[in-house]
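Beneath this line is the structure, given in structure tokens, with notes to follow.
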Amino acid sequence: MNHRSILKFTAGLLIAGLSITGGVARAATDASEITVWETFLKEAIFKDANIIEDKTVIDMNTPYRAEDAAVTPVTITAQFAQTPERYIEKLYLVVDKNPQPLVGEFNLTPDMGKADLALRVRIDQYTFIRAIAVLNNGEHHMVANFVKAQGGCSDPPQGDLDAAMQRIGKMKFRTVGELLADGTQVGQFSVSHPNLTGMQVNQRNGFTIPEHYVKTVKLTFDGKVIMEAKTGISVSADPSFRFFFKPGHGGKFKAEVEDSKGNKFAEEFDVSQSAAEQKT
């Protein structure tokens, strides 16, 4: 049983037990959420690491009540720039009560300029969402928000699934806004993929749709790694990531994606018209 399967299994056992004794799956309390994190998830993911809960390294913005549990927006904001001397090396995103709590593990580099990250996730029931930043000196810092949402992991795929499978692997990338004074700019990357959870039902035949999701994402610019991610079913369909990078006067942005069925996709984008060039 792999690392992700262990998390899915242990969290599932606890949630099932709590649901029988107190209906927690329908209306989680703060105490039960802490139990899930403290009893299972913290040790399973981070072993005996000392995790500091504060906002000196990162902050996180989430809706208190999500409009759509299948596409809940999460924005993680770094409190300082990425430099070779001090930078956020990893970001973990955890949704305590999801069937697969570990949403993603994101390996970051100083070449991002700033370790901000925005994405959309599925929320299965009322839960805490946690972002944990690991610094290059080994420090772990966490922020946690409570979100009211439910059903996001079992919601049926939106639109025509056959058409979605025809588009699978198609990518988009664009820069957003102007180049900032520190030389960074926002990049937006997305890949077409249904990111099936294994909990969704085919509305035509009533059968459960097997899981099929984006497993890894690697983003580079001019040969330098910006971000590498390991993700799973808790990321929304058509995974999309917003992040900082340093475009300079242009170059080649490359994305490489692999899914849970071993399908590999890659595409390059020419970043020739950066905001810096547009200003000159």
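The values are calculated or read from the model by the stated rules, or taken from the named source; none is laboratory data. Every value quoted in this text rests on a predicted model; they were computed, and no experiment measured them. Cβ coordinates were reconstructed from backbone atoms using ideal geometry, including for glycine residues, and neighbour counts include every protein chain displayed.
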Hey, among the residues in the range 179-233 that are closer than 16 Å to Glu258 by Cβ, free of Cβ contacts under 8 Å to residues at least 60 places away in the same chain and of a type in the set (A, V, I, L, M), which one's surrounded by the most Cβ atoms within 10 Å (Cβ to Cβ)? Val214
Within the range 252-274, residues being modelled with pLDDT under 95, surrounded by 15 or more Cβ atoms within 10 Å (Cβ to Cβ) and not hydroxyl-bearing (Ser, Thr, Tyr) number 1
Is it the case that the range 194-216 has a residue that's modelled with pLDDT of 95 or more, in contact with a helix residue (DSSP H, G or I) (Cβ under 7 Å, 6 or more places away or on another chain) and not aromatic (Phe, Trp, Tyr)? yes
Using the structure shown, decide if Phe146 is farther than 28 Å from Leu180 by Cα, aromatic (Phe, Trp, Tyr), in a strand (DSSP E or B) and out of contact with any helix residue (DSSP H, G or I) (no Cβ under 6 Å at 6 or more places or on another chain). yes
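Being assigned to a helix (DSSP H, G or I) and either at pLDDT below 95 or more than 12 Å from Thr72 (Cβ to Cβ) (or both) is the requirement here; does Asp155 meet it?
Taking the combined requirement at face value, the residue does not satisfy it.
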For the range 136-165, which positions are among the aliphatic types (A, V, I, L, M) and over 23 Å from Val186 (Cβ atoms)? Met142, Ala144, Val147, Ala149, Leu161, Ala163, Ala164, Met165
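For every residue, the table says whether it meets (1) over 16 Å from Leu93 (Cα atoms); (2) of a type in the set (Ser, Thr, Tyr); (3) in contact with a helix residue (DSSP H, G or I) (Cβ under 8 Å, 6 or more places away or on another chain); (4) at pLDDT 95 or above.
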{"site": "Ala11", "(1), (2), (3), (4)": "no, no, yes, no"}
{"site": "Leu14", "(1), (2), (3), (4)": "yes, no, yes, no"}
{"site": "Gly17", "(1), (2), (3), (4)": "yes, no, no, no"}
{"site": "Arg26", "(1), (2), (3), (4)": "yes, no, yes, no"}
{"site": "Ala31", "(1), (2), (3), (4)": "yes, no, no, no"}
{"site": "Asn50", "(1), (2), (3), (4)": "yes, no, no, yes"}
{"site": "Lys55", "(1), (2), (3), (4)": "no, no, no, yes"}
{"site": "Asp59", "(1), (2), (3), (4)": "no, no, no, yes"}
Mind listing whichever residues of the range 201-254 are part of a strand (DSSP E or B), of a type in the set (Ser, Thr, Tyr), under 21 Å from the mean Cα position of the chain (by Cα) and within 26 Å of Pro101 (Cα to Cα)? Thr216, Thr231, Ser240
In this structure, is Ala69 over 23 Å from Met112 (Cβ atoms) and under 18 Å from the mean Cα position of the chain (by Cα)? yes
